[in-house]
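Have a look at the structure below before the remarks.
The values are calculated or read from the model by the stated rules, or taken from the named source; none is laboratory data. Everything numeric in this text was worked out from a predicted model, so none of it was measured. Every residue, glycine among them, receives a Cβ derived from its backbone with ideal geometry; neighbour counts consider all protein chains shown. Accessible surface is based on the protein model in full, side chains and every heavy atom, while ligands, DNA and RNA are left aside. Shrake-Rupley method; radii C 1.70, N 1.55, O 1.52, S 1.80 Å.
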Amino acid sequence: PLLGISRSRPMMAIPSDVPTFPDLKCALDCSPSALWSLKQWGERADKLGRMISSLKGSFTNYHATGKAHSEVSIALGQTLSQAASLFGDSHRGASELLTKAADCFNRIECYRDMMLLNQTTTMTAQSLEEIARDFAQTTALGKLLQDSQLTLHANWNKFAACRHVSHLQDPSQLHRLARDTFDSKYRYELMLAKYTATLKRTLTEKKLVVLQKVLDHMLAQYSFFNFGYQVLHDMEPLINDLFRDFRSQMAELGDELKSDQAEQLQVNHEIKQAYDVDLLAYPLHLKSHIITVCLCFW
């Protein structure tokens, strides 16, 4: 307590490499231990502020890439709708599958755009930008505190270097130096108390808000992917039925293609026979030329 540091209970969670955060009473005695502790916490707040600013940038990039992905997915859904109309009933279930797939894409991306991306911008990125600004203001206040401390030291040195009043031509000079010292000490202590309170609020309340925003985003992610799962889960019976149907159709198509291949060989053979008959109607000296032309065409 004599140094202005409360040892009874910590004011916040303290990492092992950071000293105990001083209380507001450090502004009354300005103990070196409390000031050193305050300096360490100030440097930590500056690093946290830069990290939060980077985190805000990452969420902004996430929104931009998610927006682009959403637009591409919506275009894919529109293309699937067009494909459904073109496929028609050429394959059993094809039109229904493509139509429902397009609907799934549109519903999922609509949810992404309205919930996940808007939440990322309004509730996360913008809030983190404000918090990063608060950290930057706290760092700026710390620099003003350093300037105020330098002013106090300068005035104190002038006051301490002043000769005895009996040796001064103007005795009021001592009073002016003393007044300057007391005024600068008063302003420094007020700023020290303000900085200590602001730094504590920034490192406690603002850190919790950051964690809350990250948690909100994770919940939004959970809601989005859970919604996507539910949408696709509703299609599971249709997908399973169509898989079985498509396997059956592929087997039937395989048999049909084998039959077509055999039929094509037979047709080719008949074409060759007709060609051989046609050659008999031409003189022998033209045969080689005609065969060459036909083979080139073939």
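Of note:
- Hits in the stretch 60-74 - residues which are of a type in the set (S, T, N, Q) and touching a helix residue (DSSP H, G or I) at 6+ places or on another chain (Cβ under 9 Å): THR60, SER70, SER73
- Residue match in the stretch 35-58 (condition: under 15 Å from GLY142 (Cα atoms), among the polar types (S, T, N, Q) and open to solvent by 30 Å² or more (accessible area, probe 1.4 Å)): yes
- Scan of the stretch 59-87 for residues that are out of contact with any His (no Cβ under 9 Å at 6 or more places or on another chain), open to solvent by less than 70 Å² (accessible area, probe 1.4 Å), modelled with pLDDT of 85 or more and under 30 Å from LEU203 (Cβ atoms), ordered by number: THR60
- For beta carbons closer than 7 Å, sequence separation of 6+ or different chains, a first residue in the stretch 200-216 that is farther than 18 Å from PRO22 by Cβ and a second that is of a type in the set (A, V, I, L, M) and assigned to a helix (DSSP H, G or I), the qualifying pairs are LYS206/ILE131; VAL209/ILE131; VAL210/ILE52; VAL210/LEU128; VAL210/ILE131; LYS213/MET123; LYS213/LEU128; ASP216/MET123.
- Checked against the criterion of being open to solvent by less than 80 Å² (accessible area, probe 1.4 Å) and part of a helix (DSSP H, G or I), the candidates LEU190, LEU208, LEU144, LEU152 yield just one match: LEU152.
Here is a yes/no grid of residues against (1) among the acidic types (Asp, Glu); (2) farther than 30 Å from ALA27 by Cβ; (3) out of contact with any Asp or Glu (no Cβ under 8 Å at 6 or more places or on another chain); (4) not in a helix (DSSP H, G or I):
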position	(1), (2), (3), (4)
LYS200	no, no, yes, no
LYS213	no, yes, yes, no
ASP216	yes, yes, yes, no
ALA220	no, yes, yes, no
LEU232	no, yes, yes, no
ILE239	no, yes, yes, no
ASP245	yes, yes, yes, no
GLN249	no, yes, yes, no
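- Residues of the stretch 172-195 that turn out to be under 19 Å from HIS153 (Cβ atoms) and of a type in the set (S, T, N, Q), as a count: 2
- Residue count for the stretch 258-268 satisfying the condition of being open to solvent by less than 100 Å² (accessible area, probe 1.4 Å) and under 26 Å from ALA94 (Cβ atoms): 2.
- Test: residue in the stretch 166-177 that is of a type in the set (S, T, N, Q), assigned to a helix (DSSP H, G or I) and touching a residue at least 24 places away in the same chain (Cβ under 8 Å): no
- Only residues that are surrounded by fewer than 18 Cβ atoms within 10 Å (Cβ to Cβ), closer than 13 Å to SER223 by Cβ and touching a helix residue (DSSP H, G or I) at 6+ places or on another chain (Cβ under 7 Å) were counted in the stretch 102-122, giving 2.
- Scanning the stretch 153-205 for residues that are of a type in the set (Asp, Glu) and modelled with pLDDT of 90 or more yields a single hit, ASP183.
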